[in-house]
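Take a look at the structure set out below.
The values are calculated or read from the model by the stated rules, or taken from the named source; none is laboratory data. Not measured: the values here are computed from a predicted model. Cβ sites come from the backbone with ideal geometry, for glycine too, and all protein chains shown count toward neighbours.
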Amino acid sequence: MGMNEAAQQYTIGSRVRVTQTLSHGEDLSAFVVEGEILRMGQQKTGSWYAHARDKKLWLDRLELRKDDGEIVVMNLDQRSTVEVID
């Protein structure tokens, strides 16, 4: 789910579970992080990308605080799912 769609479902302070599916050749594995949203939105990278805003590659990102206090920045892609949890 892209950031524009996701932003309609949660806000700063929401508690979410983010699942990302990683591929290793033909194998798939899931990586799950739960936490409170501290920041969300599109952020540009240092990578150059033709025909993009500021000629940079932009990624959908979530910054989360896990229950143990660790801060995690997650890049969302087409294989990412975000669920609001209680």
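For the stretch 25-70, the set of residues classified as modelled with pLDDT under 85, in contact with a strand residue (DSSP E or B) (Cβ under 6 Å, 6 or more places away or on another chain) and not charged (D, E, K, R) consists of Q42, Q43, T45, S47, Y49, L57, W58, L59, listed by residue number. With respect to the conditions (1) at pLDDT 85 or above; (2) surrounded by 12 or more Cβ atoms within 10 Å (Cβ to Cβ); (3) among the small types (G, A, S), G2 falls short on a single one, namely (1). Of the residues R79, R17, the single one that is of a type in the set (K, R) and at pLDDT below 90 is R79.
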